[in-house]
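Bear in mind these aren't lab numbers, they're just calculated from the coordinates by the rules spelled out. This structure is a prediction, so every number in the text was calculated from the model and none was measured. Neighbour counts run over all protein chains shown; Cβ positions are idealised from the backbone, glycine included.
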Amino acid sequence: MTSAPCLRILSIAHCAVSRQAGRLRYHPLAARSDLEVHLLVPRRWHEYGRMIDADPPDDRGLRVHALPILLPRAGPMNWYLHFYPGLHRLIRQVRPDVIHLWEEPWSVIALQASLLSGDAAVVMEVDQNIIKRLPPPFEAIRRHVLRRTDHVLSRHEEATSVVRAKGYQGPVSAIGYGVNRDIFSPAGEADGAGPPRRGLRLGYVGRVLEEKGLDEALDAMVRARSPVFLAIMGEGAYEARLRQRVAELGLESRVTFQPWRPPAEVAHFIRGLDVLILLSRSTKKWREQFGRVILEAQSCGVPVIGSKSGAIPDVIGPGGWIVP
């Protein structure tokens, strides 16, 4: 007896270098008998000043290909210049029915994949939620890729508006981010009650950038009549200026900083908070595209205070509060 034919999918995603993060979303697909799922990730990836080696390609049921990339961190668009010299060979080997791109449509890798796709359908995930004209050659790349795209997976209705404005006329499906509830779960006995602490414990997890609105949190702490503490986990270009601002406001004893941690430690950090904050500021060039940490906090049983930027109000829903 011959087995039923499988739909062969090749997904290209730099976010899936880590098994503890982006790669998790592929495991339910890999468990299906009607799919043959291949995942292409960079062998080494540069992010936030660090080089990350891809986790071993031994995920059960998932065929992971960790290949070298060129231009991992060149140019003003950061990672959007990278591409895989071995992609043509891999496509010939896999013969995919579908090429799925967890990359933005103006990226060089999206252009490379669309040019090499052959008869495969192209499925594109999009996050960009502001209509703006990109500098050459990225605008031309985006329009070419969207013309070749057969289906768009959109993170938010604003992202759908962007691809429509840039010429995409095909079908769109909404897709959010997920959360690993085996890690991001409410506090249990393992966390322990700990010593009693006074005051309101706020926390932030993410890139330390000016657009993330952490200055607003510091200003509010100064005005608050009750003791408020803020713990920050993350790294970014604005950290030095934010530390200086903390000192200027006399908040050194109430604001702490720590670098990125693995997901299990992030979850433990969140469970120690009363409220997580995400006070992103919208600008002409950027607004919050999703805010996955919102889901992680809520999955831990911690509510969120968020701004009105981008998708934040929709993601928070009834699990917190929205402020201007």
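Before moving on, here are some points about what is shown:
- Dividing the helix sum by the residues of the chain, where each DSSP H run of 4 or more adds -39500 (n - 2.57), gives a mean residue ellipticity at 222 nm of -7000 deg cm²/dmol.
- Centre-to-centre separation between the Cα atoms of the range 307-322 and those of the range 116-168: 25 Å.
- Counting other Cβ atoms within 10 Å as a rough exposure proxy, the listed residues HIS268, HIS88, HIS38 run HIS88, HIS268, HIS38 from fewest neighbours to most.
- Cα-centre dipole for the range 200-322 with unit charges at Cβ (Lys and Arg positive, Asp and Glu negative), debye to 20: 160 debye
- Each of ASN129, ALA247, ILE183 was scored by the projection of its Cα onto the charge dipole of the chain, and the greatest displacement toward the positive side belongs to ASN129; charges sit on the C-beta of Lys, Arg, Asp and Glu.
- Taken along the Cα-to-beta-carbon direction at a fixed 7 Å, the label points for ASP314 and ALA220 span 2.3 nm.
- From least to most packed, judged by other beta carbons within 10 angstrom and beginning with the fewest, ASP34, ASP53 follow the order ASP34, ASP53.
- Extending 7 Å from the Cα toward the beta-carbon at both ARG89 and ASP34 defines two label points whose distance is 3.5 nm.
- Among the GluC sites (Glu not before Pro) in the range 218-282, those placed in a DSSP loop whose Cβ has at most 13 other Cβ atoms within 10 Å are GLU252.
- Each label point was placed 7 Å from the Cα along the Cα-to-Cβ direction; for GLN20 and CYS6 their separation is 2.9 nm.
- Of the labelled figures (1) 21.3, 75; (2) 24.6, 107; (3) 25.8, 103, only one reflects Rg and Dmax of the Cα atoms in Å as derived from the coordinates, namely (1).
- Counting neighbouring Cβ atoms within 10 Å and putting the fewest first, the residues VAL126, VAL302 line up as VAL302, VAL126.
- Size of electric dipole in the chain: Cβ of Lys, Arg +1 and of Asp, Glu -1, about Cα centre, debye, nearest 20: 580 debye
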